[in-house]
Amino acid sequence: MATGAEQLYEEILRRNPGEPEFHQAAREVLESLGPVLAERPELVEARIVERICEPERQIIFRVPWQDDAGRVQVNRGFRVEYNSALGPYKGGLRFHPSVNLGIVKFLGFEQIFKNALTGLGIGGGKGGSDFDPRGRSDAEVMRFCQAFMTELHRHLGEHTDVPAGDIGVGGREIGYLFGQYRRITNRWEGGVLTGKGLGWGGSPVRTEATGYGNVLFTAEMLRARGEDLHGQQVVVSGSGNVALYSIEKALALGANVLTCSDSSGYVVDEKGIDLDLLKQVKEVERARVDVYAERRGSSARFVADGQVWDVPADVALPSATQNELDADAALTLVRNGVKAVSEGANMPTTPEAVRVFQEAGVAFGPGKAANAGGVATSALEMRQNAGREPLGFAQVEAELAGIMRDIHTTCAASAEHYGCPGDYVTGANLAGFNRVADAMLAQGLI
Ligand code: GLU
C-alpha cells in the first residue's frame with residue numbers, strides 16, 4: 001500500500017472501531033489505488049480518497065414492532081447513504097441477525113464502485129436491520145417492514161435514495177415496504193424502491209439479474225481465455241436469489257451445476273442440481289437444503305459439515321455471504337483444477353483466498369464487477385418507472401448482457417492500463433474509483 005493510503009487505513013481503523021468487514025473492504029480498495037494516485041495528483045490534493053471513505057450520511061434507528069404473540073420486539077435499522085456523486089444513493093436492504101453498522105458500511109462502500117462500473121447514474125448506499133425473517137410469519141414480516149419504513153421513508157425518494165433487496169429481503173418484503181411508503185407519503189412513487197412485483201412497476205429480469213449477470217461475467221472471463229461454460233462443472237454456494245439464478249443461467253449455457261448450500265450444510269448432486277425442485281424447496285416452502293436432498297433421491301447427498309469448495313469443479317460461484325471462501329478452501333479448489341471463480345455474493349472471498357487464486361492464475365471476478373447485474377437492472381427498473389414505459393423480458397435481458405460485457409471490458413482495459421493484465425480486482429477498483437472521483441472533483445468540495 002502507498003504511504004498515504006497506509007496512513008489513511010490507520011485512520012479508518014481508529015475512527016471506525018469494531019467494523020472488521022468495513023476495514024477489509026476499505027483496505028482492498030486502498031491497496032489498489034497506488035497507480036491512479038501516482039497518475040492523478042489532483043485527486044490527492046482534493047483528498048478524494050479520504051472523502052470517498054467517509055459516508056455522506058449514516059442513519060441508525062429503532063424499529064419497534066409486535067410479534068404474533070403480542071410481544072413487543074425491538075430491532076435496529078440502518079441506512080448508510082455513502083456517495084451520491086453519480087446519482088441517488090442506490091443499494092439493497094439486508095435483513096439478517098448479523099447486520100450491524102460495519103456490515104452495512106462494507107456493503108455500502110463496495111456499492112459505490114459497483115454502481116459506478118455499471119456506467120449508469122446511481123450513487124452508492126446500503127441498509128438493513130438485525131431482524132431475522134427466518135421462522136417469522138408473513139404477518140410478522142409485514143409488521144416489521146411497516147415499522148422499518150415508518151422511519152426510513154423520510155430519508156428516501158426516487159431522486160434521493162432508492163433501496164432494493166439483499167439477503168433476507170425479496171419480493172415479499174419489497175411489497176410490504178412499498179405499501180407502507182405509499183401509505184405514509186400518499187405518493188405512487190414507483191422509482192423509490194426496486195425489485196417490485198411485475199404487476200406494479202417492477203422490471204422483468206430484476207429477480208434473475210444478479211445470478212444471470214454473474215454467470216455472464218464468468219462466461220466473459222472464460223471467453224477472454226478462449227473457453228466457454230459449455231460442459232464445465234460448476235459449484236455454487238448458497239440457495240437464495242443469487243444462487244438460484246446463477247444455477248439457472250449456468251444450466252442454460254450448458255454447464256453442469258453440482259452443489260448448493262445454506263447455513264445448515266451443503267448438497268452435492270451427482271446428476272446435477274434439479275432447479276425446479278430446489279426452487280420449490282427454497283422459494284415456495286422456505287425450507288432448508290436437506291429437504292432437497294431427501295426428495296431428490298440417490299443422486300443427491302446432504303453434507304452437514306464441510307463446504308461446497310471441497311467438491312472438484314472447473315468453476316466456483318460463491319453466492320451466499322461475505323468471507324465464506326477462505327484460503328484453505330481456495331487451495332482445495334486450485335488443487336482440484338478450478339479455472340474461474342466469480343463472486344455472486346458481496347465479498348465472499350477472503351483477501352488471502354483472492355491471493356491464492358491470483359497466484360495460481362485462476363480467473364477471478366470480484367463482486368463489484370461480477371454481481372453488478374442486479375443493481376444495473378435496478379437502474380433499468382428506475383428508468384422504466386421514470387418514463388412510465390415498461391420493457392419486455394427479452395429487451396431487459398439483452399441490456400443486462402450488454403452491461404455485463406461492458407463491465408468486463410472496462411475492468412480488463414483498466415487492469416491493462418495500470419499494468420496488471422487479467423487482474424479484475426484492481427481493474428474494477430480503479431475503473432469504478434476513477435468514475436466517482438471525476439464526478440466528485442467536478443462537483444466541488446462537498
Ligand atoms: N443488493 C444488491 C447488491 O448487492 C442489489 C442492490 C440494488 O438493486 O439496489 O448489489
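Every number here is computed from the coordinates shown, using simple stated rules; none is lab data. Everything numeric in this text was worked out from a predicted model, so none of it was measured. Using ideal geometry, Cβ is built from the backbone for each residue, glycine included, and neighbour counts are taken over all protein chains shown.
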* **Dipole-positive endmost among 106, 377, 303 within the chain (Cβ charges, Cα centre)** => 377
* **Ranked 60, 407, 446, 52, criterion: other C-beta atoms within 10 Å, fewest first** => 446, 60, 52, 407
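Got a sec? How would 288, 15, 295 order by Cβ neighbour count within 10 Å, fewest to most?
In increasing order of surrounding Cβ atoms, one gets 15, 295, 288.
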* Asked: Where the centroid of each part is defined by its Cα atoms, how far is the range 375-445 from the range 156-218 in Å?
  -> 19 Å
* How many times 2.2 N^0.38 Å is the alpha carbon radius of gyration of the range 290-426? -> 1.26
* Structure fact -> Row for the range 177-289, column shape: gyration tensor on C-alpha, a ≥ b ≥ c, rounded if a/c < 1.5 i.e. under 1.5, prolate if a/b over b/c, else oblate; value oblate
* Structure fact -> Expressed in Å to one decimal, the Kirkwood Rh of the range 1-127 from all distinct alpha-carbon pairs is 15.8 Å
* To do: Using only the alpha-carbon atoms of the range 228-345, report the extent along each of the three principal axes, biggest first, to the nearest angstrom.
  => 35, 29, 26
* Asked: When each pair of different Cα atoms in the chain is counted once in the 1/r mean, what is the Kirkwood radius in angstroms, to one decimal?
  -> 22.0 Å
* Structure fact -> Per the rule of 0.36 nm per residue minus the C-alpha distance, extending residue 335 to residue 198 adds in nm 44.9 nm
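Can you classify the range 398-446 as rounded, prolate or oblate using the Cα gyration tensor, where a ≥ b ≥ c are the square roots of its eigenvalues, rounded means a/c under 1.5, and otherwise it's prolate if a/b beats b/c and oblate if not?
Working: a/c = 3.50, a/b = 1.37, b/c = 2.55.
Here the range 398-446 falls in the oblate category.
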* Hey, what did the chain get for relative contact order, percent, Cα under 8 Å, at least 6 apart? -> 15 percent
* Asked: In whole Å, how far is the Cα centre of the range 329-374 from that of the range 98-133?
  -> 20 Å
* Using a simple charge model, +1 on the beta-carbon of Lys and Arg, -1 on the beta-carbon of Asp and Glu, nothing else, what dipole does the chain show about its Cα centre, in debye to the nearest 20? -> 1180 debye
* What whole number of Å gives the distance from the Cα centroid of the range 25-91 to the Cα centroid of the range 253-286? -> 33 Å
* Asked: Taking Cα atoms of the range 281-370, Rg/Rh with Kirkwood Rh, to two decimals?
  -> 1.02
* **Under-5 Å amide H pairs with residue 91, H placed in peptide plane, nonlocal only** => 125, 162, 164
* Asked: Where does the Debye-calculated log10 I(q)/I(0) of the range 355-400 sit at q = 0.25 Å⁻¹, using only Cα point scatterers of equal weight, no solvent?
  -> -0.89
* To do: Counting other beta carbons within 10 Å of each Cβ, put 153, 230, 408 in order, fewest first.
  => 230, 153, 408
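Would you list the membrane-span-like helices of the chain, meaning whole DSSP H runs whose alpha-carbon atoms span at least 20 Å along their axis and whose mean Kyte-Doolittle value is at least 0.5?
Numbers: long enough: 101-117 (24 Å, 0.92); 138-152 (21 Å, 0.29); 171-185 (21 Å, -0.63); 209-224 (22 Å, 0.43); 373-387 (21 Å, -0.16); 393-417 (36 Å, 0.16); 424-442 (27 Å, 0.63).
Passing helices, by number: 101-117, 424-442.
I need the peptides 296-307, 338-349, 196-207 ranked by packing, meaning the mean over residues of other C-beta atoms within 10 angstrom, with the highest value on top.
Working: 296-307: 14.0, 338-349: 26.3, 196-207: 18.9.
Going by the mean number of other Cβ atoms within 10 Å, highest first, we get 338-349, 196-207, 296-307.
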* What is the Cα coordinate range of the range 65-107 on the first, second and third principal axes, sorted by size from largest, in whole angstrom? -> 45, 19, 11
